[in-house]
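Participant: My questions all concern the structure below.
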Amino acid sequence: MTDRAPQVRAVVVGVERYDVGAEWNLDGPVRDACRYVQWLRGHGVDDESVTLLASPLPGNEAPLAQLGLPVRPAEQAVVYDVLTRELPADEADLLIVVWGGHGVIDGDGNRRLFYADATVPDKRNLDLNALMRTLMTAYFPHPRHQLLVVDACQNLVSELQYVNLLPHQTLPTHPTLMPGRDQHALVAASPGELALNDSTRRTGLFSDELLQALADPAAGWPPDVDQLATHLDRRFTQLRAAGATSQRPPYLWQRTPAREGVVFDLGTARPARMSLAALGAIVDAMLDVDELASVPNLQQFISLLPSDIRGAVPYAGSPRMDLVRLLRTCEMYETGREALTTVLSLAMANRADLTRTLDALDRHWPA
C-alpha cells in the first residue's frame, strides 16, 4: 500500500444462531468477531468505521455488548444493504471484511455464506464469489485495497443432501474493472473441507491462529497478507501433522488490470513441473470430452479424489479454469497423477473418450 496510514472501513460478521434451528448453532464466531474489532481498534480504526453484524448465542451476548458498538443482526436484508448501499458510498481506501459462520461450496464451485435468517426450506446465503467479483468493479469506486477473511466450512453442497436448491441472491455490479485494485482473501478451508470450531474455547481454529498472527508486531499495519498466508500455511501444516485438523486454508488474490488469480496452498505440495504448453494441450483435450467440459461433472470427479488432494483443489466456476486448477493441484502431489487417472478410469462412462484423455496425459504428462 502506501506509507501513510490508510483510511479503513471494516465489516465484521459473526453468525452463531440460525433460524434453521439449534442444530446449526455455532459457539465461537461472535467472540471471534469481538477479537477482530479489538484488533482494528488497536490499530487506530475508529468505531464509526466498523460495521458489526452479529447473531449471537445467548452466552455470547455479554462480550458483544461490552464492545459498546451498534450491533445489527446478520440477516439477509441487513447485510445486503450494508454491502450494496453503505459500502459503495464509503471513501475508505482499505476495506476489511471478516465473516464467521456456516458456509458451503455450491454446484458451480461458488462459496456461499449463510445468513442468520436461513431456514430449512430457504437457506438464505451470500455468494462470496459474486461479492469478490463486484468489489473489483466501479460499483465500489473507492476501496483500492481489500482484505477478506472467511472462517466458514467449505463442504460441497452435493454431499449435504439438501432437499431444496440453494437460493441465489444476485449482487449489483458494474461492467468496468477499477484500475489499480488489489484484493486478498484468507479462507479457513479448501473446497470439501470443514473449518474446525472449538466450542469449548469459543473460537474458530482458523480465526484463533490468524488473530494470534495479527497480534505479532511483525504483521504490521496494514498487515502483510502474503506474510500472513505463509505463516498460516506453515502453522496448519503442523496442525495437520499433529492430527489437530485436516483443513488447508487457501489464500486467494487478484489485481487489476492484470486480474490475476492465485491460490496459495502448499501443504504437502511440491513445485509444478509441467510446462504451460503441455498443460494447455491436456486441458484442450479434456475440454473436447463432454463429461469433462461440465462444471458439475468435474466436481463429481474431484469429489472422488483422495481427501488431501480433493481438499486442495480450488474451484473457479468455469470448465477450463477448473481443469487447469485440478491438473496443477494433482501435479503437486506425488500420487496426484495416479489418483487422477484412477478416478477418470473409474468414473468416465464413455470409454473411447477415456482412452483419448489418458493418451493426452501420457503424451504431455508422462508418468
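Participant: The conditions are (1) surrounded by fewer than 18 Cβ atoms within 10 Å (Cβ to Cβ); (2) more than 13 Å from MET286 (Cα to Cα), and GLY336 fails exactly one of them. Which is it?
Facilitator: Of the numbered conditions (1) surrounded by fewer than 18 Cβ atoms within 10 Å (Cβ to Cβ); (2) more than 13 Å from MET286 (Cα to Cα), the odd one out for GLY336 is (1).
Condition check ((1) outside the structural domain of GLN169 (by TED's automatic domain parsing); (2) farther than 20 Å from TRP99 by Cβ; (3) of a type in the set (D, E, K, R)) across all residues:
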position	(1), (2), (3)
VAL37	no, no, no
GLY42	no, yes, no
GLU48	no, yes, yes
ALA54	no, no, no
ASN60	no, no, no
ALA65	no, yes, no
VAL71	no, no, no
VAL78	no, no, no
ASP81	no, no, yes
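Participant: Further question on the same structure: For region 168-205, how many residues are more than 18 Å from the chain's Cα centre (by Cα) and of a type in the set (Gly, Ala, Ser)?
Facilitator: 2
Participant: Do we find that ALA218 is among the hydrophobic types (A, V, I, L, M, F, W, C), part of a loop (DSSP other than H, G, I, E, B) and modelled with pLDDT under 90 in this structure?
Facilitator: Numbers: among the hydrophobic types (A, V, I, L, M, F, W, C): yes; part of a loop (DSSP other than H, G, I, E, B): no; modelled with pLDDT under 90: yes.
It is false that ALA218 is among the hydrophobic types (A, V, I, L, M, F, W, C), part of a loop (DSSP other than H, G, I, E, B) and modelled with pLDDT under 90.
Participant: Name the residue, out of ASP90, ASP32, ASP19, ASP46, that is over 30 Å from ALA218 (Cβ atoms) and either buried (at least 18 other Cβ atoms within 10 Å of the Cβ) or not aliphatic (A, V, I, L, M) (or both).
Facilitator: Selected residue: ASP19, the only one of ASP90, ASP32, ASP19, ASP46 that is over 30 Å from ALA218 (Cβ atoms) and either buried (at least 18 other Cβ atoms within 10 Å of the Cβ) or not aliphatic (A, V, I, L, M) (or both).
Residue-by-condition table, conditions (1) touching a Leu at 6+ places or on another chain (Cβ under 8 Å); (2) at negative phi; (3) at pLDDT below 85; (4) not assigned by TED's automatic domain parsing to the domain that holds CYS34:
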position	(1), (2), (3), (4)
LEU211	no, yes, no, no
VAL225	yes, yes, no, no
THR237	yes, yes, no, no
ALA242	no, yes, no, no
GLN247	yes, yes, no, no
PRO257	yes, yes, yes, no
GLY280	no, yes, no, yes
PHE301	yes, yes, no, yes
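Participant: Within region 330-358, restricting attention to residues that are in contact (Cβ under 8 Å) with a residue 60 or more places away in the chain and in a helix (DSSP H, G or I), which residue is farthest from ALA293 (Cα to Cα)?
Facilitator: The residue in question is ARG356.
Participant: Same structure, new question: Report every pair of residues separated by at least 6 positions or lying on different chains whose Cβ atoms are under 7 Å apart, first residue within region 77-89 and at pLDDT 95 or above, second part of a helix (DSSP H, G or I) and of a type in the set (A, V, I, L, M).
Facilitator: LEU83/LEU131
Participant: Same structure again: Can GLY311 be described as modelled with pLDDT of 85 or more and not assigned by TED's automatic domain parsing to the domain that holds ALA189?
Facilitator: no
The values are calculated or read from the model by the stated rules, or taken from the named source; none is laboratory data. On a predicted model such as this, the values are computed, not experimentally measured, just so you know. Cβ sites come from the backbone with ideal geometry, for glycine too, and all protein chains shown count toward neighbours.
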